[in-house]
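Written below as structure tokens is the structure these notes are about.
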Amino acid sequence: MNTNGRIEVKNLNFYYGNYQALKNVSMTVEPHQIVAMIGPSGCGKSTLIRIFNRMCDLIPSTRVEGKVLIDGKDIYTKDTDVVSLRRKVGMVFQKSTPFPKSIYDNVAYGLKIIGIKDHRVLNETVEKCLRRSALWDEVKDHLGKSALSLSGGQQQRLCIARAIAVDPEIILMDEPCSALDPIATARIEELMAALKDEYTIVIVTHNMQQAARVSDKTAFLMHGQLIEYNKTTDFFTNPSNKITEDYITGRFG
Amino acid sequence: MKDLVLKSFDATRLRREIWDKVMVVVLFLCAACVLFILFIILWHLIARGLSSLNPAFFTHLPKAVGESGGGMANAIIGTFVLLLLAVGVGVPLGLGAGVYLSEYAHQRFAQTVRFMTDVLNGVPSIVFGIFSYTVCVLPMKSFSAVSGGFALGLMMIPMITRTSEQFVKMVPHQLREAGLALGLPKWRVITGIILPSAIGGIMTGIMVALARVAGETAPLLFTAFGNLHYTQSLMQPIAAIPLQIFNYAVSPYSDWHRQAWAGALVLIVIVFIINIWAQYFVYSRKRWSAGK
């Protein structure tokens with residue numbers, strides 16, 4: 001069992017230009033846990049997970065203060081290799097994003113570009129990842145078909161297969177189910193539980209029931225501050241903070 | 001006040017309805033005119049050119065004045081060679097510039113280049129010919145296929161740059177993020193994901209540019225120059241259908257006039273085929289994407 005995949009955040013501040021999106025956030029995500037991030041729109045939860053794989057670099061004039069360590073290594077040093085960091089920290093997005101390629105190539109692409117050409121290895125990995133993402137039985141007879149022809153839920157599972165194909169330690173999920181129907185959502189949630197033994201998962205969600213169902217720990221953010229971060233069972237049954245209680249009981253947000 | 005508005009509405013009702021009908025008719029006539037012009041051109045070409053079209057037209061070289069028969073085999077091949085050369089110049093440069101503008105360039109620089117491509121697009125085609133004459137023909141001391149292809153290729157650049165920039169920009173942002181999040185270097189995201197997503201639009205842009213330069217005569221006058229025989233080397237003058245049409249059309253011989261009409265017809269059919277092929281390419285990709 002893979003014991004890597006720990007995220008430590010220490011006194012993190014994040015700015016879009018002059019706007020401070022995250023304020024002094026500190027938290028630790030333990031390996032092989034599912035952590036849910038909840039909070040009202042604009043609270044900084046998506047920003048936070050985009051800091052874990054440095055996707056926030058893509059936006060000009062942003063600034064990071066504080067430390068983010070993945071497996072004890074600071075990911076915001078000058079000599080951090082962003083490309084290999086992102087291979088270690090995979091991501092699944094709100095809108096499913098299959099590449100305009102065949103189903104097979106979507107999964108194999110990440111491997112092909114790091115120079116793995118052996119067809120046997122590629123075939124095995126594609127099958128393994130599609131099985132892990134519970135898509136294999138539905139697509140095994142037409143792997144050459146365009147990934148864009150799959151349904152929304154299938155596309156999202158394909159994106160998960162694609163993410164795990166490059167053997168990451170952490171998978172970030174940015175509202176992965178918000179465009180899916182309840183049945184497809186349930187399948188993704190089952191999948192997350194199954195993936196936990198190999199990967200650390202951080203999921204941003206607007207759906208509090210989902211957070212309660214899938215996660216080991218839940219973090220609640222508001223106005224860029226981490227209000228509460230606790231075991232999910234305690235978080236929802238016995239919140240220690242008044243604001244958390246107001247939020248989860250629907251008094252605002 | 002309310003009454004007044006209602007009343008004047010009623011009073012102008014007839015006038016409104018008549019104008020409405022008139023405008024529809026006027027607009028329809030405009031559309032019909034466009035079609036009509038196209039048909040007139042086609043009809044003329046077919047009526048005057050079809051009779052001179054025979055197998056010999058596609059397989060034989062031009063005959064000297066007074067001898068009947070002969071064809072444009074050399075010019076047809078020449079046009080394809082020139083177009084191929086033009087694609088070799090125009091597509092890499094235009095596509096590269098378009099991708100750079102969309103994916104890398106700073107706003108100010110991008111805007112300057114965009115403005116310049118618009119200017120370049122408006123430059124008369126003969127100027128491209130003169131330019132190519134200066135930088136290719138003079139140093140090489142010979143008219144050549146290369147210089148003609150170069151002139152046509154330059155003409156294609158602004159068109160291809162603009163269309164590829166547009167279509168590359170239209171690729172959803174999430175797709176780029178997904179590629180980067182998978183640990184792909186940016187250039188891989190561009191070549192492996194963005195370009196394949198935008199290929200339909202890019203191809204259409206290339207075809208439009210190709211169709212436009214296929215009929216250009218002016219840039220070829222003192223570059224490709226024309227040739228009454230097959231060209232053995234790209235460094236030699238080469239025949240092209242538009243050049244041949246021009247030469248025949250300004251001649252006093254009715255036999256040559258007929259050949260010119262036939263040449264024009266062939267040229268249009270070639271452009272037509274290129275376009276249909278491109279449409280089919282785009283269409284079949286779309287079908288594949290949709291899972292059919």
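A short reminder: the numbers here are calculations on the coordinates, not readings from a lab. Worth saying up front: this structure is predicted, and the values here are computed from it rather than measured. Cβ: placed from backbone, ideal geometry, glycine included. Neighbour counts: every protein chain shown.
For chain A, return all DSSP H helices satisfying: extent of Cα atoms along own axis at least 24 Å; mean Kyte-Doolittle hydropathy at least 0.0. All intermediate terms of the calculation are to be shown ahead of the outcome.
Numbers: long enough: none.
Passing helices, by number: none.
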**Request:** Rounded, prolate or oblate: pick one for the stretch B:1-115, where a ≥ b ≥ c are the square roots of the eigenvalues of its C-alpha gyration tensor, a/c under 1.5 means rounded, and failing that, prolate if a/b is larger than b/c, else oblate.
**Result:** oblate
**Item:** Gaussian network model of chain B, springs between alpha carbon atoms under 10 Å - residue of B:Ala178, B:Ala260, B:Ala31 with greatest fluctuation
**Value:** B:Ala31
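I need to check one value: relative contact order of the stretch B:55-289, counting alpha carbon pairs closer than 8 Å and at least 6 residues apart, in percent.
Numbers: 351 pairs, mean separation 61.0, N = 235.
Value for the stretch B:55-289: 26 percent.
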**Item:** Estimated [θ] at 222 nm from DSSP helical runs (n ≥ 4, -39500 (n - 2.57)) normalised by residues in the protein assembly as shown, nearest 500
**Value:** -18000 deg cm²/dmol
**Fill in**
quick shape note, the protein assembly as shown: Cα extents on principal axes in Å, largest first -> 103, 82, 49
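Between their Cα atoms, which of A:Lys67/A:Lys196; B:Lys186/B:Lys286; A:Lys95/A:Lys217; A:Lys128/B:Lys286; A:Lys117/A:Lys140 are more than 32 Å away from each other?
On the way: A:Lys67/A:Lys196 25 Å; B:Lys186/B:Lys286 25 Å; A:Lys95/A:Lys217 24 Å; A:Lys128/B:Lys286 29 Å; A:Lys117/A:Lys140 21 Å.
Cα-Cα > 32 Å for no pair; all within.
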**Request:** Would you work out which of B:Gly98, B:Ser254, B:Leu85 lies farthest towards the positive end of the dipole of the stretch B:55-289, given +1 charges on the beta-carbon of Lys and Arg and -1 on that of Asp and Glu, about the Cα centre?
**Result:** B:Gly98
**Prompt:** Quick one: if you stick a label point 7 Å off each Cα along the C-beta vector at A:Val83 and B:Gln232, how many nm between them?
**Reply:** 4.9 nm
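Order these by the 10 Å Cβ neighbour count, fewest first: B:Ile206, B:Ile18. Provide the component values of the computation, followed by the final result.
Working: B:Ile206 22, B:Ile18 10.
Ascending number of Cβ neighbours within 10 Å: B:Ile18, B:Ile206.
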**Simple spin-label estimate for A:Asn238 and B:Phe36 in nanometres, 7 Å along Cα-Cβ** = 8.8 nm
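Which order results if B:Glu216, B:Glu165 are arranged by neighbouring Cβ count within 10 Å, fewest first?
Values: B:Glu216 22, B:Glu165 27.
Going from sparsest to densest Cβ surroundings: B:Glu216, B:Glu165.
Give the shape of the stretch B:183-283 as rounded, prolate or oblate, defined through the alpha-carbon gyration tensor: a ≥ b ≥ c are the square roots of its eigenvalues, a/c under 1.5 means rounded, and otherwise the shape is prolate if a/b is larger than b/c and oblate if not. Mind showing how you got there, number by number?
Details: a/c = 3.90, a/b = 2.18, b/c = 1.79.
It is prolate, given that a/c is not under 1.5 and a/b is the larger ratio.
In chain B, which whole DSSP H runs stretch at least 24 Å along their own axis (Cα) and average 0.5 or higher on the Kyte-Doolittle scale? If you can, show how the numbers build up before the last one.
Details: long enough: B:13-49 (53 Å, 1.53); B:73-103 (44 Å, 1.70); B:145-169 (35 Å, 0.75); B:195-214 (27 Å, 1.59); B:254-289 (53 Å, 0.45).
Membrane-span-like by this rule: B:13-49, B:73-103, B:145-169, B:195-214.
Under a point-charge model restricted to the Cβ atoms of Lys and Arg (+1) and Asp and Glu (-1), what is the dipole moment magnitude of the stretch B:55-289 relative to its Cα centre, in debye to the nearest 20? Write down the numbers at each step before the final one.
Details: 14 positive and 7 negative charges, 122 e Å.
The calculation lands at about 580 debye.
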**Fill in**
Out of A:Gly144, A:Ile201, A:Leu69 - ranked by how far each Cα lies towards the positive end of the dipole of the protein assembly as shown, with unit charges on the beta-carbon of charged residues - the top one is A:Gly144
**Euclidean distance between Cα centres, the stretch B:21-83 to the stretch A:26-87, Å** = 63 Å
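Which of rounded, prolate or oblate describes chain B when judged by the alpha-carbon gyration tensor and an a/c cut-off of 1.5?
Numbers: a/c = 2.12, a/b = 1.22, b/c = 1.74.
In terms of gyration-tensor shape, oblate.
So, with +1 on the Cβ of K and R and -1 on the Cβ of D and E, and no other charges, what is the size of the charge dipole of the stretch B:2-52 about its Cα centre, to the nearest 20 debye? Before the final figure, lay out the partial values.
Working: 7 positive and 4 negative charges, 15 e Å.
It comes to approximately 80 debye.
Compute, for chain A, the length of the dipole vector about the Cα centre, with Cβ point charges of +1 (Lys, Arg) and -1 (Asp, Glu) only. Units Debye, rounded to 20. Show your work: numbers first, answer last.
Working: 32 positive and 29 negative charges, 96 e Å.
Its charge dipole is roughly 460 debye.
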